Amino acid sequence: MTVRVHGKYALRGCACCDETVTLKGSALNRRNVLRGAAGLALSGLAWPSARAETPAKASIIDVHHHLSPPAYIADFGKRKLLERPTLDWTPEKSIADMDKAGVATAMLSITTPGVWTGDDAAAVPLARVCNEYGAKLAGDSARRFGTFAILPLPNVDASLKEIEYALDTLKADGIGLMTSYGDKWLGDPAFAPVMDELNRRKAVVFTHPTTANCCRNLIAEVPAPIIEFGTDTTRTIASLVFTGTAARCPDIKFIFSHAGGTMPFLIERFVRLPLMSKDAAAKTPGGVLPVLQKFRYDTAQVANPAAMAALTKVVPTSQILFGTDFPFRTAADHVNGLKAIFQDDDWRKIERGNALPLFPRLQAA
């Protein structure tokens, strides 16, 4: 993973980035963004050619794979909010990496910082354009790509509208959320209407870590992703469990990045909290462990014996999904690492079998 967070980046010249994405009344000018998307064939971010047919032996489903829509690069790249792998991403690079390791389908998602950096109005049109770009890729790629649509949280009303548009019109495979927004984690009461709607729809919800406001630049020598990403995933798991959100919304199919962060190492504290707190006990009526064992966890950046040993002591192999964190890591890294850990039956579950019930359209792929 690239760990240089505050470096200076120079955007490479391309047609989509030459067009300025402006703000009008604190909102992204969507007409300009769409005009830039229409010029993709002239840029380094063109749709993959020849519908990117799946190699005959490819079978893996990657649930943690990032895309960088042109509008996203043009806006956040200009503000130096993105790391070099995000800036350099193209669909062709994704497919080339997938083909080297036997990945049939990658579920695309926006990485941190998401689309919200404090301006609610600007996040709304940017989320829409990113989701339309992802839907176009999925539609043109012969099942090579799926999409987790990004929401403009913490704007709840706009997020509810985007859920409807993404799932009903764009036919997204699920919804992508950051682990926190400002200093609110996903179980916060402010997000309850969004969680209730996702539960009503029985949606697949992929969560990606970010760095909470509380915990930036704590150790000058250690970039935030090294420690804070795993920690923020753990915080949002705790938030969902101990606010009672997970019990109230049992039909959301949550996927947590990076083997659940530090949760497996804190399992004793998680399980014991209801023994010490009547409130925690009331909000976990069936116990903590069954809730944690119902969640799904991906293998991105944790395809090593230590992390997998901890995770598999907490959850069954049926809850583990293959993920790579591309373009920060490669699919081959993870295939090689996981095959050295899991026997054939478990490997087949992780590389594809466990994901198929979540994505019915891939059943016949």
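The values are calculated or read from the model by the stated rules, or taken from the named source; none is laboratory data. Note that the structure is a prediction, hence the values are computed from the model and not measured. Note that each Cβ is placed from the backbone with ideal geometry, even for glycine, and that neighbours are counted across all protein chains shown.
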One residue from Phe206, Phe191 being touching a Gly at 6+ places or on another chain (Cβ under 7 Å), modelled with pLDDT of 95 or more and under 18 Å from Leu153 (Cβ atoms): Phe206
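In the stretch 258-273, which residues are assigned to a helix (DSSP H, G or I) and touching a residue at least 12 places away in the same chain (Cβ under 8 Å)? Spell out how you get there, then give the answer.
If we filter the stretch 258-273 for residues that are assigned to a helix (DSSP H, G or I), which is where we start, we get 258-260, 263-273.
His258, Ala259, Gly260, Met263, Pro264, Phe265, Leu266, Ile267, Phe270, Val271, Leu273 - these are the residues of the stretch 258-273 that are assigned to a helix (DSSP H, G or I) and touching a residue at least 12 places away in the same chain (Cβ under 8 Å).
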- prompt: Can you name the number of the only condition in (1) over 21 Å from Leu82 (Cβ atoms); (2) without any contact (Cβ under 8 Å) to a residue 60 or more places away in the chain that Val222 fails?
  reply: (1)
- prompt: Pick from the stretch 118-136 the residues that are more than 17 Å from the chain's Cα centre (by Cα) and either outside any helix (DSSP H, G or I) or among the hydroxyl-bearing types (Ser, Thr, Tyr) (or both): which of them is farthest from Ala71 (Cα to Cα)?
  reply: Gly118
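Based on what the data block shows, is Val288 closer than 25 Å to Ile350 by Cβ, surrounded by 15 or more Cβ atoms within 10 Å (Cβ to Cβ), over 22 Å from the mean Cα position of the chain (by Cα) and in contact (Cβ under 8 Å) with a residue 24 or more places away in the chain? It would help to see each step written out before you state the result.
On the way: closer than 25 Å to Ile350 by Cβ: yes; surrounded by 15 or more Cβ atoms within 10 Å (Cβ to Cβ): yes; over 22 Å from the mean Cα position of the chain (by Cα): yes; in contact (Cβ under 8 Å) with a residue 24 or more places away in the chain: yes.
Yes; evaluated as a whole, the condition is true for this residue.
Please give the helices (runs of 4 or more DSSP H) falling wholly within the stretch 292-365 in which 3 or more residues are in contact (Cβ under 8 Å) with a residue 24 or more places away in the chain. So that I can check it myself, show each step before the final result.
On the way: elements: 305-314, 331-339, 344-348.
It comes to 305-314, 331-339.
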statement: If you go through Gly146, Gly176, the only one that is under 19 Å from Phe229 (Cβ atoms), touching a residue at least 60 places away in the same chain (Cβ under 8 Å) and crowded, with 20+ Cβ neighbours inside 10 Å is Gly176
message: Considering only residues that are farther than 16 Å from Phe254 by Cα, surrounded by fewer than 19 Cβ atoms within 10 Å (Cβ to Cβ) and hydroxyl-bearing (Ser, Thr, Tyr), which ones fall in the stretch 297-338?
response: Thr312, Thr330
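Would you mind finding the one in Asp251, Asp232 that is of a type outside the set (Val, Ile, Thr) and out of contact with any Lys or Arg (no Cβ under 9 Å at 6 or more places or on another chain)? Before you say what the answer is, go through the steps one by one.
Values: Asp251 fails: out of contact with any Lys or Arg (no Cβ under 9 Å at 6 or more places or on another chain).
None of the others qualify; the one that does is Asp232.
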query: Quick one: Gln293 ticks every box in (1) touching a helix residue (DSSP H, G or I) at 6+ places or on another chain (Cβ under 9 Å); (2) closer than 20 Å to Phe322 by Cβ; (3) surrounded by 16 or more Cβ atoms within 10 Å (Cβ to Cβ) bar one, so which box is it?
result: (3)
- request: From Ala166, Ala123, Ala127, grab the single residue that is buried (at least 24 other Cβ atoms within 10 Å of the Cβ) and either basic (Lys, Arg) or over 29 Å from Val302 (Cβ atoms) (or both).
  value: Ala123
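Within the stretch 193-219, track down each residue that is farther than 15 Å from Phe254 by Cα and either in contact (Cβ under 8 Å) with a residue 24 or more places away in the chain or of a type in the set (Gly, Ala, Ser) (or both).
Of all residues in the stretch 193-219, those farther than 15 Å from Phe254 by Cα come to 193, 210-219.
If the condition is that a residue be farther than 15 Å from Phe254 by Cα and either in contact (Cβ under 8 Å) with a residue 24 or more places away in the chain or of a type in the set (Gly, Ala, Ser) (or both), then Pro193, Thr210, Thr211, Ala212, Asn213, Cys214 are the ones that fit.
Rundown of residues vs (1) crowded, with 16+ Cβ neighbours inside 10 Å; (2) modelled with pLDDT of 95 or more; (3) aromatic (Phe, Trp, Tyr), yes/no style:
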{"residue": "Val222", "(1), (2), (3)": "no, no, no"}
{"residue": "Ile226", "(1), (2), (3)": "no, no, no"}
{"residue": "Thr262", "(1), (2), (3)": "yes, yes, no"}
{"residue": "Lys278", "(1), (2), (3)": "no, yes, no"}
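What do you reckon, is Pro250 surrounded by fewer than 20 Cβ atoms within 10 Å (Cβ to Cβ), of a type outside the set (A, V, I, L, M, F, W, C) and without any contact (Cβ under 8 Å) to a residue 40 or more places away in the chain? Outline the logic, then answer.
Working: surrounded by fewer than 20 Cβ atoms within 10 Å (Cβ to Cβ): yes; of a type outside the set (A, V, I, L, M, F, W, C): yes; without any contact (Cβ under 8 Å) to a residue 40 or more places away in the chain: no.
Judged against the criteria, Pro250 is not a match.
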- request: Say whether the condition of being of a type in the set (A, V, I, L, M) and more than 23 Å from Leu321 (Cα to Cα) is met by at least one residue in the stretch 138-152.
  value: no
- prompt: On the given criteria, is Pro209 surrounded by fewer than 22 Cβ atoms within 10 Å (Cβ to Cβ) and within 17 Å of the chain's Cα centre (by Cα)?
  reply: no
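So how many residues does the stretch 161-192 have that are closer than 15 Å to Ala212 by Cα and in contact with a strand residue (DSSP E or B) (Cβ under 9 Å, 6 or more places away or on another chain)? First the steps, then the outcome.
Residues of the stretch 161-192 closer than 15 Å to Ala212 by Cα: 177-188.
Filter once more, keeping what is in contact with a strand residue (DSSP E or B) (Cβ under 9 Å, 6 or more places away or on another chain): 177-179, 186, 188.
Result for the stretch 161-192: 5.
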message: Can you tell me which condition Asp97 does not meet? The list is (1) of a type outside the set (A, V, I, L, M); (2) out of contact with any helix residue (DSSP H, G or I) (no Cβ under 6 Å at 6 or more places or on another chain); (3) assigned to a helix (DSSP H, G or I), and all the others hold.
response: (2)
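Here are some residues: Gly139, Gly118, Gly114. Which one is surrounded by fewer than 21 Cβ atoms within 10 Å (Cβ to Cβ), under 22 Å from Trp89 (Cα atoms) and among the small types (Gly, Ala, Ser)? Even if it seems obvious, please write down each step before you answer.
Working: Gly118 fails: under 22 Å from Trp89 (Cα atoms); Gly114 fails: surrounded by fewer than 21 Cβ atoms within 10 Å (Cβ to Cβ).
Going through Gly139, Gly118, Gly114 in turn, the sole match is Gly139.
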